[in-house]
Amino acid sequence: MQLETTYRLLQTLAFIILYGFLSVVLWIIWQDIKSTRELISLSQSAKSILVDTSDGQHHNVASFTSIGRSSSNTIVLHDTTVSMTHALITRRDAIWWLEDLKSRNHTYLNNQLLESPTVISSGDLITIGRYHFNFKE
C-alpha cells in the first residue's frame, strides 16, 4: 500500500512538472509572438511626408520610397529635370536614409550635393531636379 501511494505521488509530481514546463514554453512563445507583432506594427507605422515647398503638396513616404519620372516609382515627378529613377528614401533600424541613384541632375540635401546614402531627419530640405521638398517625420 505504501508503494502504491508513493507511485501515485510521483506520478502526480511528474504530471505537474510536465504541464508546468509546457506552460512556461507556451508563455515564452506567446511573448515572442507579441513582441514580433509590435515590431511589425512599428515598422509599418513608420511613415513620413515630403512637402513640396512651391505648392505645399504632400507625398507619403514609407519605409521604401523611390522617387523619379517613371510611373514605377512610389513618388512620380513629371519633369525633365528628374531622372527616371532619381532617388531613394529608405528606413533602416529606425533611421531614414536618402540616396541618389546616379541621377543626371543629382540630388541635394540641405543644398549640399548628395554623394552617398545619408541620414535624413525632420526639417531637411531635399532637392530633386527643380523640386524642393521639406522632409517631415
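The values are calculated or read from the model by the stated rules, or taken from the named source; none is laboratory data. From a predicted model like this one, the values you see are computed outputs, not experimental measurements. Don't worry about glycine lacking a Cβ; one is built from the backbone with ideal geometry, like all the others, and counts go over all protein chains shown. Heads up: the accessible areas ignore ligands, DNA and RNA and are worked out on the full protein's heavy atoms, side chains in. Shrake-Rupley method; radii C 1.70, N 1.55, O 1.52, S 1.80 Å.
Of the beta bridges in segment 67-129, as assigned by DSSP with both residues counted there, near 90 percent are antiparallel. The length gained on full extension between His78 and Ile28, counted as 0.36 nm times the residue separation minus their Cα-Cα distance, comes to 12.8 nm.
Ranked by the mean number of other Cβ atoms within 10 Å of their residues, highest first, the peptides 103-113, 17-27 fall in the order 103-113, 17-27. Rounded to the nearest 10 degrees, the angle from helix 2-45 to the longest Cα principal axis of the chain is 10 degrees. Leaving out ligands, DNA and RNA, and with a 1.4 Å probe, what % of the accessible surface on the chain is carbon or sulfur? Looking at the chain in its full context, I get 60 percent from C and S.
Put a plus charge on the Cβ of each Lys and Arg, a minus charge on the Cβ of each Asp and Glu, and nothing anywhere else: the dipole of the chain about its Cα centre is then about 200 debye.
Taking the DSSP bridge list for segment 1-115 and keeping only pairs wholly inside it, about 90 percent are antiparallel.
Cα-based radius of gyration for the chain, normalised by 2.2 N^0.38 Å, reads 1.93.
Entry comment: accessible area of segment 7-137 is 66 Å² per residue, from protein heavy atoms only and a probe of 1.4 Å. Across all Cα atoms of segment 60-113, the radius of gyration (one decimal) and Dmax (whole number) stand at 11.0, 34 Å.
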